[in-house]
Structure formats: C-alpha cells, structure tokens
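Everything on this sheet refers to the single structure shown next.
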Amino acid sequence: MSQALERIVVPILALLASAVLFGLLLAIYAQVDPLEAFALMYQGAFGSWFSWQNTLTRAAPLILTALCTALPARLGLVIIGNEGALVAGGVAAAAAGVAVASAPPLVVQVTMALAAMAVGGAWIALAGGLRQWRGVNETISSLLLTYIAIALMNHFVEGPLRDPSSLNKPSTFPIGDANMLGTIPGTDVHWGLVYGIVACLAIYVFQRFTTWGFAMEVIGGNPKTARMMGLDVGRYVLLACAAGGAAAGLAGMVEVAAVHGRANASLAVGYGYSGILVAFLARHHPLAIVPVAILLGGIGASGGLLQRRLDLPDAAVVVLQGIIFVAILASETFYGRLWKPKAAA
C-alpha cells in the first residue's frame, strides 16, 4: 500500500513543485500574474470542447511515443530515442502510402502502419542490440540515432522522395485525401488517440497476465538472476525495444496519415521528447500514460493562449515541461522514504 501511495503522491508533489517554480519565473522575470497564467492554461487545455479536442489531438502521439521509453524500462533500459523512431516511422509510412496509393484506403492505411512499425521497431531494436552485445549505453545510442533519423528524413524529403511541387517546404508526395485516417465521429480528434489507448491496454494485459511480462519484470529486477534461471535476456531486450520503437513508429504514421498527409520537417516537432517526460511521470505504467499524456497535451495546447493574452513566448510551456522533467528526476530520491515501515518493538 505504501508503494502504491508513493507512486501517486510523489509525482503529484513534483508537479506542484514545478508549478510553484514556474509561477515564480513568470512573476519575477515576465512580470505576469501566475494565477492568471495558470487560469489561462486551464482554459486553453480543458476550458471548452474545442480546447479538449486540441488537447486530445496533441495527446495521441504522446501516448504512443511514451511507450517507446516505458516498455524497455521494464527491463531496466533507459531509451530516449522516441523522436527518431517517430520520424523514421513517419517517413516509412509516407513512402509506403505513396507506393500503394491506388489500393483501397484500408489497405493503404494498414500498409503504412506496418511499414512505420517495422522501421520504428528496428530503429530502437538497434539501440537495444548495441547495449546487449556491444556494451554501448542505450541512452546515448538511442539519442544519437534520433539525430541520424532526422538527417535521413531531410535527405529523403529533399531528395529521392521529394514532391517537385513542394517548393517552400520540401515534402514527400501526398498519400491522397482518400487515404487519410479521418476523425472519431462527432469530434475533430483523429483515430491516433484510439490507437494509443488500445496499445496501452494491450501492453498492460501483456505485462500483467503473461509469462513473457513476468519474465521481463524478472530481468529488470536482476539480469544475472534471470540468466541463471535460463531466460534469454538478449531476446527479451530486443523484443521490448522493438515493441517500443514500433509504438513510436506508429505515432509517425498517425502524424502522416491523420495530420500532414505527407512526410516533412513537421514530423520532428518534439512529440518524441515529450513522450519521454510522459513515460517518467507515469512511472512507466501503461495505464497511467494515458492521463499523463492528456495533461502534457493540455499544457502544450495552452501555449498559444498564453502568447495571445499575456504576450508570453509560445515556448513558455516548453520551459514548464523542462521544469517538470527535472522535478520528476529529482523526486526519485523520495521513493522508499515517505512511508518507512515501523520497527518491531
């Protein structure tokens, strides 16, 4: 019970501390009333149906990219290459969509999803493989792979896959309006939100009720003991990394098929980096990722309102996200200390 309470109380305290610090920055450096700023943030994120739809649309890729960090974390790995897997998956989805654009829309969408998940999964599995068999730190390698993915995206959208008509902003050929994902009936929120929620539910069931999920927990607790028990640690590492990368790659496909209609530099807008924060704030729990992603999506959606009403930079909410991330990392030291078992008399 104490551990369960800590997993709830500690992140909440970290969020409150972040809000206080951000409020002080607004009051001292921007000469802005913090209470007014937070009221506007709430209004921009959750104050109306339009705000809710904007928030949920932004939360969809955050849910999927958060899984890229949360799944390998089950084995004790720290993967932060979410942005790279999203970008690589988005480019692969766009290329696959253009290649089969004349097929029925469902076939095109499934082909795009499979291509994005395969490329995104392979991208993060490479970081896992380097860790397992070459001893390369997975945090560093996955981050460096992100820069390589962005460079490759720039190469393809400005070279082999470029649409000659995209003059101001180099992009791939469009997949066609008929092949777009569309929105959930009665809303302006695309189906990527449903994909993310279903993925979180499926992963929770997998981790909680299967022997593979239990084996991953054993490996995360003590890899040496897992090897003594006969578990193939390398295979599980590759599986977790590939699954996480596939989720981030699917986020790239959703951005192409539901938002942009093609691949271009708009894929690399930071959803992958924000997904890292979502995963840490949710303590890598698949079910907790959904509400946390909605919260962070709401913070991102409120940036425009702060800019219009208080003349703050649109990036002010990015500063808040950075403060939250530092606070979450610092709060790790409090786990196991808030509620200590009483010593026996």
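The spacing between the stretch 76-115 and the stretch 140-200, judged by their C-alpha centroids, is 8 Å. Going from the fewest other Cβ atoms within 10 Å to the most, the residues 146, 210 appear in the order 210, 146. Starting from the 7 Å offset along Cα-to-Cβ, what nm value, one decimal, do you get for the label separation of residue 183 and residue 152? For residue 183 paired with residue 152, the spin-label model returns 3.4 nm. Listed options for Cα extents along the principal axes in Å are (1) 59, 55, 42; (2) 78, 60, 36; (3) 52, 50, 45. The value calculated from this structure is the one marked (2).
Which is farthest toward the positive dipole end of the chain among 43, 70, 100, measuring Cα position about the Cα centre, with Cβ charges +1 (Lys, Arg) and -1 (Asp, Glu)? Of 43, 70, 100, it is 70.
Exposure proxy shown here: for 12, 175, 276, the number of other Cβ atoms within 10 Å sets the order, fewest to most, as 12, 276, 175.
Going from the residue with the fewest nearby Cβ atoms within 10 Å to the one with the most, 335, 204 rank 335, 204.
What you get for the chain, charging only the Cβ of Lys and Arg (+1) and of Asp and Glu (-1), is a dipole of about 960 debye around the Cα centre. Phi angles across the stretch 35-45 convert, under the Karplus curve 6.51 cos²θ - 1.76 cosθ + 1.60 with θ = phi - 60°, into 3J(HN,Hα) values of 5, 5, 5, 5, 5, 5, 4, 5, 5, x, 9 Hz, Gly and Pro given as x.
For the chain, relative contact order (Cα pairs under 8 Å, six or more residues apart, normalised by length) works out to 35 percent. Can you tell me the FRET efficiency between residue 210 and residue 9 if r is taken as the Cβ-Cβ distance and R0 is 30 Å, rounded to the nearest 0.05? That pair, residue 210 with residue 9, gives E of 0.50.
Need one word for the stretch 87-244: rounded, prolate or oblate. Basis is the Cα gyration tensor (sqrt eigenvalues a ≥ b ≥ c); a/c below 1.5 gives rounded, then a/b vs b/c decides. Here the stretch 87-244 falls in the oblate category. Decide, for the stretch 218-345, between rounded, prolate and oblate: order the square roots of the alpha carbon gyration tensor eigenvalues as a ≥ b ≥ c, take rounded if a/c falls under 1.5, and otherwise choose prolate if a/b is larger than b/c, else oblate. Verdict is oblate for the stretch 218-345. Full extension of the segment from residue 133 to residue 38, taken as 0.36 nm per residue of separation minus the current Cα-Cα distance, would add 29.4 nm. In this label model, residue 103 and residue 228 are separated by 5.0 nm, measuring between points 7 Å along each Cα→Cβ vector.
Bear in mind that the values in this text are calculations on the coordinates, not laboratory data. Computed from a prediction, not measured in an experiment: that's the story for all the values here. Cβ: placed from backbone, ideal geometry, glycine included. Neighbour counts: every protein chain shown.
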